[in-house]
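Enquirer: Mind having a look at this structure? Questions to follow.
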Amino acid sequence: MGANFESKYLMNKFLKKKLSIISFIFIPIIFLWHPNWLGFLGVQPYWPLFWLLPWSMINGSINGLVFGLFLGLILDSLTLDNNFSQIPGLIFCGFLFGRIKLHSDILVGHFRYGLICSFGSFLCGTIYLSQILFGNFSDSNSSMFIPGVKNILVEVFLTGLFAPFFCSQLLRMLKFSRRKLQ
Amino acid sequence: MLDIRRISSSRWWHKKKIWIYFAIFLFLVFVRISKGSLYKDFFYFISKPFWPGQFQKEVILKTLNQESLIKLNLLKKDNIRLREILSLQKSSNNDNIVAAVISRKTGGWWRQILLNKGSKDGVEIGSTVTGPGGLLGIVSNTSLLTSSVTLLTAPESKLGVWVDRSQINGLLVGSGGNHPSLIMYSKDADIKVGDFVSSSPASSLLPPNIPIGIVISIDETLQSNKTAKISLLAKPHLIDWVQILKVNI
């Protein structure tokens, strides 16, 4: 009975300690899972930003930049495009999200996560589209531009819509695990 | 009092029979105005089992199906014989691997599907993936247990295809949207809306004659070439099971 209680306690402690890592591992899984019922016109919200925003806000710009790079590396490995990368957008967003914390914490209200994530998604989408357009410069450029703009707009909308739910929960959880650690 | 009762019971409108006749008359007036539509519809239902063409139609369709199957088998045999003579790619069903779609990205930036069969099951990079309707894409990456397929709609997808009616080759390029572009490197290329596009019979990379799609619009504004939008026959966002055709190079 005592051993069982102890193992449960240790398990809980481990989960609380490693919450940030566990949630980090879940991003590629959701990215692969691609739940259609959460999408619109076949496009999904940009999942990595939901994790990157709270993480960068808590740990700062440099940490956000590094984890933006890590996320980009993982997500690039899951997609088949060898010529285009998500790393530049995520690095930029990680750095930017870290700066938000430094300036003023009050500015970031519950529903402002949506606005920030929308902006981040717009940045990442634009950087990705510009890579596609440069990569296919000689081919039919115009035919790739219109679907690309549609993707950016839908992604911005969905990311902004879901960000208040996910980001506020993750921020609360990450802050909690950090406090426990300290 | 009794007299009154007797007189009133003898009125014509107290006779039930008259009202029945009146109702029949009204019904017939309605039938006349509606030009017998009720009759005709009623007759439609009662005569349905005795329609002359029904049984005949089934027999004819059955015979036509049998005829088509026999013809198809003969053509298949003929095709295999001719391809052996020309030493081209074979399209046999013996090397097919059936796989389930475990992850799909059919909208947005990344257009790919993940299958539950990998290098352990003999899937190789470059294998063709087909589903109900026709060609879906090409295997671009394999792990031990899974394989990733680049869909025809992905921006990095480029395939040589064949326009069946005019018998000319073109390049099918994914645009990131739902309709890939077919580029014909000649301004005079004979291509029309409704033309059927398939994999080239002379291709050395893809199995021959796999249906791909139908031309839905043509853009002739470019100086050097003609481009067309293709509506794909296979719908990757709906398909749960696919076939992987092994490469025979």
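The values are calculated or read from the model by the stated rules, or taken from the named source; none is laboratory data. Predicted model only: the values in this text are computed from it and were never measured. Note: ideal-geometry Cβ built from the backbone for every residue, glycine included; neighbour counts use all protein chains shown.
Enquirer: Could you go through the range B:61-83 and let me know if any residue there is modelled with pLDDT of 70 or more, in the same structural domain as B:Leu135 (by TED's automatic domain parsing), loosely packed, with under 10 Cβ neighbours inside 10 Å and of a type in the set (A, V, I, L, M).
Expert: Scanning the range B:61-83 turns up no residue that is modelled with pLDDT of 70 or more, in the same structural domain as B:Leu135 (by TED's automatic domain parsing), loosely packed, with under 10 Cβ neighbours inside 10 Å and of a type in the set (A, V, I, L, M).
Enquirer: Can you work out which of the residues in the range B:143-172 that are touching a helix residue (DSSP H, G or I) at 6+ places or on another chain (Cβ under 8 Å) and either acidic (Asp, Glu) or crowded, with 22+ Cβ neighbours inside 10 Å (or both) is nearest to the other protein chains (Cβ to nearest Cβ)?
Expert: Among them, the one singled out is B:Pro155.
Enquirer: Still on this structure, I have one more. Working only within the range B:163-201, note down all residues that are part of a strand (DSSP E or B) and under 21 Å from the mean Cα position of the chain (by Cα).
Expert: Residues satisfying the conditions are B:Val163, B:Leu172, B:Ser181, B:Leu182, B:Phe196, B:Val197, B:Ser198, B:Ser199.
Enquirer: Does B:Ser224 count as surrounded by 12 or more Cβ atoms within 10 Å (Cβ to Cβ) and either in the same structural domain as B:Thr150 (by TED's automatic domain parsing) or not in a loop (DSSP other than H, G, I, E, B) (or both)?
Expert: no
Enquirer: Looking at B:Leu26, is it at pLDDT 80 or above, part of a helix (DSSP H, G or I) and aliphatic (A, V, I, L, M)?
Expert: yes
Enquirer: For the range B:191-219, enumerate the residues that are more than 14 Å from every other protein chain (Cβ to nearest Cβ), over 28 Å from B:Trp110 (Cβ atoms) and β-branched (Val, Ile, Thr).
Expert: B:Ile191, B:Val193
Enquirer: State which residue is modelled with the lowest pLDDT when the search covers only the range A:108-148 and only residues that are β-branched (Val, Ile, Thr) and under 20 Å from the mean Cα position of the chain (by Cα).
Expert: Among those residues, the one meeting the criterion is A:Val108.
Enquirer: Go through (1) more than 14 Å from chain A (Cβ to nearest Cβ); (2) within 23 Å of B:Thr150 (Cβ to Cβ) for B:Asp188 and report which single condition fails.
Expert: (2)
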